[in-house]
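No lab work stands behind these numbers, since they all come straight from the coordinates. Nothing here was measured: the structure is a model prediction, and the numbers come from that model. Cβ: placed from backbone, ideal geometry, glycine included. Neighbour counts: every protein chain shown.
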Amino acid sequence: MNNESFGLSSNIVHYRKKLGLSQEALAERANVSLSTVQRIEKGTVKPRAYTIRILAESLGIEIIDLLPDLENKKDSNIDFLALKKMNFYALVLVFIPFINIILPLLVWKKNKKTLTKNIIAGKIISFQLLWSISVIVGAFSCIILTNLITGEAGFGHYTANTFFLVALIYNVFTIVKTASQLNKKDENVLAFVTNLF
């Protein structure tokens, strides 16, 4: 008996007993043989989709309620797909600090149900927020320090631009690395970032 059959059979037993039905009563309601119900509940057979649908209807539940393993796998895939979108959208507007957070936040809000307590989603947004703050502070610091060191105004924008390009390359590298980890369904993404959300 594989895990999927076990989950299905235990759920059928659970919902049948919850309604106070015997195996005979369920078989009669579903218009299937008693031996079919018994074999499905023991996990010795893998029922057809039609039989699962009829049993679910007879128990007054949705088909997905009988198949929790499939539901968890589906949610897991949605999580990683949404996370990949969040990560990619951070790359779309990476050239503009703080604006690069808008699209990932929209994806997070759209997928709030699946990403509510997801630490990875929070880390993706946190990294972009911290990166944006660092770029703004770093660029202004470069301008001020260069002007103080040289004693002339106007030279600071060269060092600020250089700083921005280095920070931009680092951000793109981090986004690509995160995308690679998400494709492998690695949950240890952005381990060096504190989740601010």
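List of remarks:
- Stretching residue 157 away from residue 22 to a fully extended chain increases their span by 40.6 nm, per 0.36 nm per residue minus the current alpha-carbon distance.
- Taking the range 3-66 and dividing mean pair separation by its residue count, relative contact order in percent (alpha carbons under 8 Å, at least six apart): 39
- Summing charges over all other residues whose Cβ lies under 12 Å from the Cβ of residue 183, with Lys and Arg as +1 and Asp and Glu as -1, gives +3.
- Computed FRET value (nearest 0.05) for residue 10 with residue 184, which takes r as the C-beta separation and R₀ as 45 Å: 0.90
- When the Cα gyration tensor is reduced to axis lengths a ≥ b ≥ c, the ratio a/c stays below 1.5 for the range 3-66, which is therefore classed as rounded.
- Computed over the chain: relative contact order in percent, which uses C-alpha pairs under 8 Å that are six or more apart: 18
- Over the range 75-183, relative contact order from alpha-carbon pairs under 8 Å, at least 6 apart, %: 31
- For the chain, the membrane-span-like helices by this rule, meaning whole DSSP H stretches whose C-alpha atoms cover at least 30 Å of axis and whose Kyte-Doolittle mean is -1.0 or above, are 68-92, 119-150, 156-183; this says nothing about an actual membrane.
- Above-threshold pairs, the threshold being 25 Å between Cα atoms, out of 46/185; 42/185; 46/110; 18/42: 46/185; 42/185; 46/110
- Estimated distance in nm for a label pair at residue 145 and residue 176, the labels positioned 7 Å out from Cα along Cα-to-Cβ: 2.7
- Summarising the label geometry, the points placed 7 Å from Cα in the beta-carbon direction at residue 88 and residue 191 lie 2.7 nm from one another.
- Likely footprinting exposure, 37, 176, fewest C-beta neighbours within 10 Å first: 176, 37
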